[in-house]
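Working notes, structure below.
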Amino acid sequence: MAAPDELFCWEGDWGLPSVSTDCLVVLAYAQFAGAPLKLQKISNPWRSPSGSLPALRTNQKETLSRPSDIIIHLRKQKYNADYDLSAKEGADSLAFISLMEEKLMPALIYAFWIEPKNYVDLTRRWYAEHMPFPLNFFLPGRMQRQQLEKLRLLRGDERLEAGEELEKELYRDAAECMNLLSQRLGSTKFFFGDSPSSLDAYVFGHLAPILKSKLPNGKLQQHLKSLDNLTNFCTNILLLYFPKDGRENLSQKMTSQSEGGDFDHVPNKRRKQFLSALVALGAMLSYAFLTGMVSIQHIQHEALEEPPDLQDMGSHHNHEEEGDG
């Protein structure tokens, strides 16, 4: 029997199996189709075979990263959540997925990666606390720049920058998209009856992070929560297909002591992360002192400047010693 394909995804939080929209789309589709994947939830994208997440490593050692490519691959392996859809339903599914890519995805990128308070207080903070040292110092910023480029590409504007007018426009488009999805879903359990399809996976992947995250600026979340059928849709998928994550979310709500809460609600975890950072900083400083890279009398001045290349400093120090000899 062939080994199962291996799926690498961002780890979960907020009661979700993953914090990433693309990862949620793939995870949901795989669950709907019954695909037997070996799942690797990680917080270091460099451990992925593609250097990004999600990534599927097939048993033929091929690597796929785009959700659409992963879904096509699973269909070729006879794991097809759209098998029972009619031609019209298949066309409707593609139309709504395109609508989300055009109208909802830009607002998601803006809400999590561009809006200043959301980015600083939630997104950058989450990735910095979950990524291993030293990646947590520079990867969140690099990811933000990549998301800004993606937003510019989606909007067709290379000079696009954050601002109140852009936010209003993006959130208006997203609200219209949510309204259309709500009308299409109606009172049914899934978008095409009693069985979930790829459209359900895409809708869940886009809406669940909005619904479950703790965004300080929660305008999108407020609108989504006003659409009861869409919020129930996300909750039902979590309970039916990701019950472990759903139970964790309920447990977090019951034990939360602050109204509105905060994603880092576990004090022991925070304490361990803080101590780990102190230990890492202490080790770096000790190494610097022992090797002569940094002297006591200059450390305060150097801390205010951008760190120079340590290798250059080391070689310069060695040259000085030779000169003194």
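The values are calculated or read from the model by the stated rules, or taken from the named source; none is laboratory data. Owing to the predicted nature of the structure, the values given are computational and were not obtained by experimental measurement. Every residue, glycine as well, gets a Cβ built from its backbone with ideal geometry; the counts of neighbours run over all protein chains shown. The area values use the complete protein model at the heavy-atom level, side chains included, leaving out ligands, DNA and RNA. Shrake-Rupley method; radii C 1.70, N 1.55, O 1.52, S 1.80 Å.
Here are the numbers for this structure:
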read-out: Matching residues in segment 51-65 - criterion: being open to solvent by 30 Å² or more (accessible area, probe 1.4 Å), farther than 24 Å from ASP245 by Cβ and touching a residue at least 24 places away in the same chain (Cβ under 8 Å); value: ASN59
read-out: Answer residue from segment 191-220, given it is without any contact (Cβ under 8 Å) to a residue 12 or more places away in the chain and open to solvent by less than 30 Å² (accessible area, probe 1.4 Å) and is farthest from SER93 (Cα to Cα) among those; value: GLY218
read-out: Hey, ALA111 touching a helix residue (DSSP H, G or I) at 6+ places or on another chain (Cβ under 9 Å) and either within 21 Å of ASP13 (Cα to Cα) or buried (at least 17 other Cβ atoms within 10 Å of the Cβ) (or both) or not; value: yes
read-out: Cβ pairs under 8 Å, 6+ apart, first in segment 167-184 and closer than 24 Å to PRO116 by Cβ and among the hydrophobic types (A, V, I, L, M, F, W, C), second open to solvent by less than 70 Å² (accessible area, probe 1.4 Å) and not in a helix (DSSP H, G or I); value: MET178/LEU227
read-out: Only listed residue being more than 22 Å from ALA208 (Cβ to Cβ) and without any contact (Cβ under 8 Å) to a residue 12 or more places away in the chain, chosen from ALA2, ALA87; value: ALA87
read-out: Any chance ARG184 is assigned to a loop (DSSP other than H, G, I, E, B) and basic (Lys, Arg); value: no
read-out: Filter result for PHE138 (open to solvent by 40 Å² or more (accessible area, probe 1.4 Å), modelled with pLDDT under 95 and part of a helix (DSSP H, G or I)); value: yes
read-out: SER198 being over 19 Å from SER98 (Cα atoms) and polar (S, T, N, Q); value: no
read-out: Selection from segment 70-86 of residues that are open to solvent by less than 60 Å² (accessible area, probe 1.4 Å) and assigned to a helix (DSSP H, G or I); value: ILE70, ILE71, HIS73, LEU74
